[in-house]
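Scroll down for the structure; my scribbles are underneath it.
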Ligand SMILES: Nc1ncnc2c1ncn2[C@@H]1O[C@H](COP(=O)(O)OP(=O)(O)OP(=O)(O)O)[C@@H](O)[C@H]1O
Ligand SMILES: [Mg+2]
């Protein structure tokens with residue numbers, strides 16, 4: 001642009017750079033002085049134009065998380081003549097992080113002007129956050145697969161042992177005494193049911209994790225639900241030596257998802273039997289006009305106060321003695337089902353004295369978003 005005042009040319013260039021949505025800087029070759037920083041750079045980068053000073057509190061790291069000393073910051077390297085092509089840098093300022101890919105290119109010198117380097121910064125903060133989330137998701141999935149496959153082997157091994165024992169007996173004697181056969185078959189059946197319950201829980205969790213826990217609500221009297229669940233757990237109760245007691249109540253009607261609540265209550269009852277020290281387990285219904293309540297009370301080993309928060313997370317098991325029968329998924333499912341109903345769950349417990357889980361469920365479901373037909377499985 002012959003005949004145009006260099007100052008005017010610079011003003012024009014600055015105006016163009018200020019229009020860019022991403023940070024850009026003009027840096028002097030040699031000195032590393034930041035001659036110009038566009039609007040985005042002034043907001044997003046911890047570097048001041050002209051002064052060339054870096055605020056003392058900003059720290060920088062590279063893609064591997066190693067610290068980058070200020071003399072190695074991109075504008076310094078570019079000023080020394082290095083050509084940067086997508087160099088990653090993350091600045092840390094007062095607990096906040098911002099990550100960029102930095103590239104550089106020379107701006108031709110004008111008459112009498114020091115030659116400049118243009119640095120452009122692409123914000124990759126969102127990309128990094130997504131990467132972090134994906135890594136976490138993969139970690140959770142790996143943990144899920146390893147815990148699940150490990151624990152599922154236990155009832156399966158017991159079942160195979162039982163079948164093998166009967167087969168060998170039959171081979172050897174040509175017949176199995178009826179009593180022994182019945183006893184072994186009942187044992188095998190219990191192992192199969194245990195396996196089934198574990199698989200149910202795993203499927204529930206995978207549905208929850210994929211956001212497919214959608215409610216299919218119907219008008220329901222919770223007394224019917226309790227009746228069904230109690231019937232299903234009579235066998236486990238007999239095995240545990242506990243009595244399942246349902247406190248009488250009037251109708252407790254509301255809009256609920258029957259199947260999901262059956263799983264939730266089933267998990268609470270199963271826990272009460274498993275950790276209930278062979279003492280009676282009581283199921284109590286109640287509530288007011290707006291919400292129904294459902295309580296499951298046992299008098300077993302209890303849960304230390306320190307564990308009350310974490311037992312609702314997946315794979316969290318507080319009692320060491322029962323690990324062989326646990327995936328640590330039950331309460332996670334209960335909480336997810338209760339959350340999906342817009343309800344809440346609380347626990348009252350003391351180590352050694354028993355536990356009461358209290359579930360509160362609003363009787364009416366909010367129409368939009370909160371309910372709908374369950375996704376095709
Ligand atoms: N009624 C209870 N009494 C004492 N401890 C309990 C009771 N319910 C749950 N817990 C503790 O909370 C932990 C988490 O319970 P949760 O139902 O999620 O898993 P789990 O019973 O170990 O395994 P899963 O339900 O997957 O078979 C249990 O391991 C146990 O330590
Ligand atoms: Mg459980």
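Each value in this text was obtained by applying a stated rule to the coordinates, not by laboratory testing. This structure is a prediction, so every number in the text was calculated from the model and none was measured. Positions of Cβ are backbone-derived with ideal geometry, glycine not excepted, and every protein chain shown enters the neighbour counts.
A few notes on this one:
- Across the stretch 52-170, the mean sequence separation of Cα contacts (distance under 8 Å, 6 or more residues apart), normalised by length, yields a relative contact order of 16 percent.
- C-alpha long axis of helix 330-340 to longest principal axis of the chain, angle in °: 70
- With the convex hull drawn over the C-alpha atoms of the stretch 216-377, the volume per residue is 118 Å³.
- More than 37 angstrom apart: percent of Cα pairs within the chain: 50
- Taking the square roots of five times each eigenvalue of the Cα gyration tensor of the stretch 114-173, the equivalent ellipsoid has semi-axes of 62, 9, 5 Å, listed largest first.
- Each DSSP beta bridge with both residues in the chain is either parallel or antiparallel, and the antiparallel ones are about 95%.
- In degrees, nearest ten, helix 258-274 long axis to first principal axis of the chain (Cα): 70
- Take every pair of alpha-carbon atoms less than 8 Å apart whose residues are at least six positions apart; their mean separation over the length of the stretch 216-377 yields a relative contact order of 25 percent.
- Projected onto planes of every orientation and averaged, the convex hull of the alpha-carbon atoms in the stretch 197-279 covers 5.9 nm².
- The calculated Kirkwood hydrodynamic radius for the stretch 6-123 is 14.4 Å, given to one decimal from all distinct C-alpha pairs.
- Computed [θ] at 222 nm, helices only, for the chain once each DSSP H run of length n ≥ 4 contributes -39500 (n - 2.57): -13500 deg cm²/dmol
- Taking all Cα pairs closer than 8 Å and separated by 6 or more residues, the relative contact order of the chain comes to 11 percent.
- Taking Cα atoms only, the orientation of helix 222-232 departs from the longest principal axis of the chain by about 70 degrees.
- Between 62, 204, 298, the GNM of the chain built on Cα springs shorter than 10 angstrom shows 62 fluctuating the most.
- Our Cα-only numbers for the stretch 95-227 put the radius of gyration and Dmax at 31.4, 108 Å.
- Separation in nanometres of the label points that stand 7 Å from Cα toward Cβ, at residue 127 and residue 31: 3.4
- Highest-MSF residue in the chain out of 244, 273, 17 [GNM, Cα springs under 10 Å]: 17
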